[in-house]
Amino acid sequence: MSLLKEPDYGTPPKPGPAVVDVEIDGLPVTVAEGTSVMRAAALAGVDIPKLCATDRLDAFGSCRLCVVEIDGRRGTPASCTTPVAPGMSVRTQTPKVAKLRQGVMELYISDHPLDCLTCSANGDCELQDMAGAVGLRQVRYGYQGQNHLDATADRSNPYFDFEPSKCIACSRCVRACGEIQGTFALTIEGRGFDSKVSAGAGESFMDSECVSCGACVQACPTATLQEKTVLQLGMPTRSVVTTCAYCGVGCSFKAELRGTELVRMVPHKDGGANEGHSCVKGRFAFGYATHPDRRLKPMVRERITDEWREVSWEEAIGTVARRMREIQAAHGPDAIGAISSSRCTNEEVFVVQKMVRAAFGNNNVDTCARVCHSPTGYGLKQTFGESAGTQDFRSVAAADVIVVIGANPTDGHPVFASRMKKRLREGARLIVIDPRRIDLVRSPHIEAAHHLQLRPGTNVAVVNALAHVAVTEGLVDKGFVADRCEGFAEWAAFIARPEHSPEAVEGITGVPADELRAAARLYAGAPNGAIYYGLGVTEHSQGSTMVMGMANLAMACGNLGRDGVGVNPLRGQNNVQGSCDMGSFPHELPGYRHVSDDAVRTVFEKLWDRPILADPGLRIPNMFDAAVAGSFRGLFVHGEDIAQSDPNLQHVTAALTAMDLVVVQDLFLNETAKFAHVFLPGASFLEKDGTFTNAERRINRVRAVMKPKSGKHEWQIVCEIATAMGYPMSYTHPSEIMDEIASVTPTFTGVSFELLDKLGSVQWPCNPQAPEGTPVMHVDEFTRGKGKFVVTAYVPTDERSTRKFPLILTTGRILSQYNVGAQTRRTENVAWHREDILELHPHDAEVRGITDGDTVRLASRVGQTTLRAHISDRMPTGVVYTTFHHPVTGANVVTTENSDWATNCPEYKVTAVQVGLAI
Amino acid sequence: MSHVISEQRMANQIAANQRHLPEADAVAAVAGHIDRFWNSFLRSRLYALVDAGAAGLDPVVVKAVERIRT
Ligand code: SF4
Ligand code: SF4
Ligand code: SF4
Ligand code: FES
């Protein structure tokens, strides 16, 4: 594909049907009310010259290049700020406007360096294009006058430069930072000729509030804001549309290449999840994909103390197959299993679970989604009948009250956060339920109506109290409940009990009762109330209960089944949703169907020609227990670093050491590979061909930008292992794997690569009932028929602060890094986050004699680590916080074996700890 | 802290989360959950704990195990 340039209609679309008829240069066009003349013209196929306008931003009307004449009107209005009127007749090319435009361009060019031929943006510069478009032939004003040509460049950002001499003060960057990203880092300082773009009060980009999302770079019509890679490598010449492999937002990108070299990743305007926006990770942090630390050859060793030996693919695959079978022969068919990855494509995950079920002959497959969102699957299935979030991301634009529970979207899901912030700036109210004062609580032009700063581990008590207020104050949507739900009476009787009142639980949760009541009234009384939640909900001993508690609350208030409402998980890794959909849990076949269901098993047994066990397999923590006990001895770990990301690392390492065969497939020799006997080099997302499914159930295509550097596709390697074990598996293309998925999964029957290429993306369920997918679920009825109210009793966690461990540790993530950081640490993103930091309250610091920046010892009953302290009042007293991006810190060295009662999702969010100065 | 008895911890936790129910219902819920989600390796270790005297096991778990085994 050549370089893909999406059309720019100049101003954003207006909602509503096309009803206004106008004529542009004699061409008729019908557009929605409120549409600008500029956009109407573009739709009619007439491009009006423009500089300050772009269709991602509201019209601004500053450059005056877009002037037109309108019959019956005086003057030359700017077409970007003039809305159409019925019967309007517009002329875009007249001697009068041509002269005006030339005058405008002349002024711009007279203060612009004339180094077009050597400029990095040559060929991709709107100023250059416009000079041509308006027919500029001469510049009467020389450089003698005042100009900005020697303004100094700001190269502080690791990914893009700011070259003010080229700036035309169109303020597109300033508006992009505000309107799209919502950070408001940039301003135009000064007036008239003196006006210039500035990142905060004379600060550099790096010292400013800038989060390096790239929206300004994208919006800049000149080379003023330019990616460093373009400066180094030159303008790209072709594009491949693909999907970001970092987080569950699933942004679409154009990978732009020059020859075979990847120059930059540019967010794709047609991307359903991101609609042209991005964050620093997807936009810039792709350098890891070609990092020299990558291992490209398969390696084998007898013992984990031996040196690695590079071998051929044949030998590596043969070794895995032979030793897996030997283990089964000696210790039984259940002695081996696999862990699949939520970073891999749907197709890769599908073949891994197929290998386990058909070739290994057991159900010992689990996914790292276990450690993040398994309670979501369980809780939403119990209540609504489907293990997935209810809405598309767009839906937030219709929410009146937004509840954010245990999630930090500005850091964890930045592109979705930008959508949410936009809605909040438009006036939607915000309730934050989190022990930590996340950025969203108070950010530019946003202030939460309520921040319920609960004690970690008391989520269920809080959600029950919210529901108590709704039920006892008559705020229930009786019509919705009567028509669409079951189990209400029993649940309402339970929740109305006095022990669930905000006053009764205040002592447990630490949330003032009147604040909680006010928040409940706000949510329950809203026309549209939407709940968004993250790992702060799931990674608890009652994670599943909390998911059901939120579902109860949403049903009671009638907040389901339309735009602007819903219960929505913000997924961590890019393909958490997809890897769960694909049958990676030991008790579920693809499509969340239990292995004990004979009819479902029969479908797969017929297709795969192997019996499938009705007994659920081992979950990840059970695999470790069984390994320590000696009955589980061979493990295939696909693209995950369990020796870093799983809780209670001592136990994990003991389990890994006890096994006869650990196979690791990854880009890097990660921590888990230290315990491996076979290392299989993986492919980066730039080398993959397949699909990812994001948090809104959107299936996006991942397209290969380059050939796999290891010489093999990951799905191919898995198939070859299965084949070498005596169960032939082969596909010529990943689209065939998707076809197989579609043939056995009712929610996927309509999905194919062909459809995805045609529509761009599709949200499952996609089947004959919904041939183009399902943006909002449970519209007329719930997947399970009636929505089910489930009684959610609060059970305190066993993990409690004690005299020895008086503080509670909770964990999270930050914007620039990603999970265990294997990728982001290998990019310039380290400029923002060099190490994990322990945040603690000034009071807790003072009594321990800790000052900001001190190195401290963090200890729990299972282990200890050291890290640097940051004093912050974001946390309440008694609670400390850290991230888990760097292996040296090993924050999971201290987290415990406690887990969600229903799914064993680890309780990362509550660990009793002590903190002291390291000596 | 011991991993040898993680089945005990997990089973007791499931029972604790059903404690709001009348005992018979709690037993049924715990039995149903273990039957549906637990692997045979875990179940057999839990049965062994029951057979060894059920020390430290929630009585609801013990009854649930009886029900699954019959
Ligand atoms: S990169 Fe993003 S946050 Fe930084 S100034 Fe540009 S738009 Fe604003
Ligand atoms: S930096 Fe670019 S987008 Fe910003 S005002 Fe200057 S020319 Fe316009
Ligand atoms: S928000 Fe997530 S999917 Fe989008 S660019 Fe950032 S990391 Fe990638
Ligand atoms: S594009 Fe209309 S005024 Fe600049």
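The values are calculated or read from the model by the stated rules, or taken from the named source; none is laboratory data. This structure is a prediction, so every number in the text was calculated from the model and none was measured. As a convention, Cβ positions derive from the backbone with ideal geometry for all residues, glycine included, and neighbour counts pool all protein chains shown. Just so you know, the surface numbers come from the protein's heavy atoms only, side chains and all, with ligands and any DNA or RNA stripped out. Shrake-Rupley method; radii C 1.70, N 1.55, O 1.52, S 1.80 Å.
Values computed for the structure shown
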item: Estimated inter-spin distance, A:Glu23 and A:Thr732, nm [label 7 Å along Cα→Cβ]; result: 5.7
item: Residues along the stretch B:5-20 losing 10 Å² or more of accessible surface when the other protein chains are present rather than the chain by itself (probe 1.4 Å); result: B:Ser6, B:Arg9, B:Met10, B:Gln13, B:Ile14, B:Ala16, B:Asn17, B:Gln18, B:His20
item: Considering only the protein assembly as shown, percent of DSSP beta bridges that pair antiparallel, nearest 5; result: 60
item: The stretch A:18-133: C-alpha gyration tensor shape, a/c 1.5 cut-off, then a/b vs b/c; result: prolate
item: Local electrostatic count, A:Arg517, Cβ distance below 11 Å [Lys/Arg +1, Asp/Glu -1]; result: -4
item: With every protein chain in place, the stretch A:282-351: carbon and sulfur % of accessible area (1.4 Å); result: 48
item: For the stretch A:160-290, alpha-carbon Rg relative to the globular expectation (2.2 N^0.38 Å, N residues); result: 1.07
item: Over chain A, relative contact order from alpha-carbon pairs under 8 Å, at least 6 apart, %; result: 13
item: Protein heavy-atom accessible area occluded, A/B pair - total, 1.4 Å probe, Å²; result: 2300
item: Relative contact order [Cα under 8 Å, 6+ residues apart], chain B, whole percent; result: 42
item: Given A:Lys804/A:Lys909; A:Lys14/A:Lys254; A:Lys14/A:Lys269, the pairs whose alpha carbons are separated by over 24 Å; result: A:Lys14/A:Lys254
item: Environment charge of A:Thr851, counting only residues whose C-beta is closer than 13 Å and scoring Lys/Arg +1, Asp/Glu -1; result: -2
item: Rounded FRET efficiency, nearest 0.05, which uses the C-beta distance separating A:Thr118 from A:Glu33 and R0 of 45 Å; result: 0.45
item: Residues in the stretch B:22-70 that, when all protein chains are in place, have 50 Å² or more less accessible area than the chain alone would give (probe 1.4 Å); result: B:His33, B:Arg36, B:Phe37, B:Asn39, B:Phe41
item: Local electrostatic count at A:Arg74 - Lys and Arg +1, Asp and Glu -1, tallied over other residues with Cβ under 15 Å; result: +1
item: Average beta carbon contacts from partner chains per residue of A:612-625, 10 Å cutoff; result: 4
item: Computed label-point distance, nm, for sites A:Ala614 and A:Ala397 using a 7 Å Cα→Cβ extension; result: 5.0
item: Full-stretch length increase - A:Glu499, A:Asp150 - with 0.36 nm per residue and alpha-carbon distance subtracted; result: 118.6 nm
item: Per-peptide average of other Cβ atoms within 10 Å, ordering A:556-562, A:877-883, A:795-801 highest first; result: A:556-562, A:877-883, A:795-801
item: Reachable lysines from A:Lys478, criterion Cα separation under 16 angstrom, eight or more residues apart if same chain; result: A:Lys786, A:Lys788
item: Over the protein assembly as shown: Kirkwood hydrodynamic radius from C-alpha pairwise inverse distances, Å; result: 29.9
item: Gyration tensor (alpha-carbon) shape descriptor, the stretch A:276-424, a/c threshold 1.5; result: oblate
item: Fraction of accessible area attributable to carbon and sulfur, chain B (%, probe 1.4 Å); result: 56
item: Carbon/sulfur fraction of accessible area - the stretch A:462-585, other protein chains in place, 1.4 Å, %; result: 55
item: Listed residues A:Asn767, A:Phe184, A:Val481: farthest to the positive end of the dipole of the protein assembly as shown (Cβ charges); result: A:Phe184
item: Estimated FRET transfer efficiency (A:Ser110, A:Asp293; beta-carbon r; R0 41 Å; 0.05); result: 0.25
item: Extension reserve of the A:Asp71-A:Leu4 stretch, reckoned as 0.36 nm per residue once the Cα distance is removed; result: 20.5 nm
item: Full-extension gain in nm, A:Ala629 to A:Phe184, via 0.36 nm per residue minus C-alpha separation; result: 154.6 nm
item: Accessible area expressed per residue, the protein assembly as shown, with surrounding protein chains retained (probe 1.4 Å, Å²); result: 35
item: Where labels lie 7 Å past Cα in the beta-carbon direction, separation of A:Lys196 and A:Lys96 in nm; result: 3.8
item: Estimated FRET transfer efficiency (A:Ile508, A:Thr657; beta-carbon r; R0 35 Å; 0.05); result: 0.30
item: Average partner coverage of A:787-795, which counts Cβ from other chains inside 10 Å; result: 2
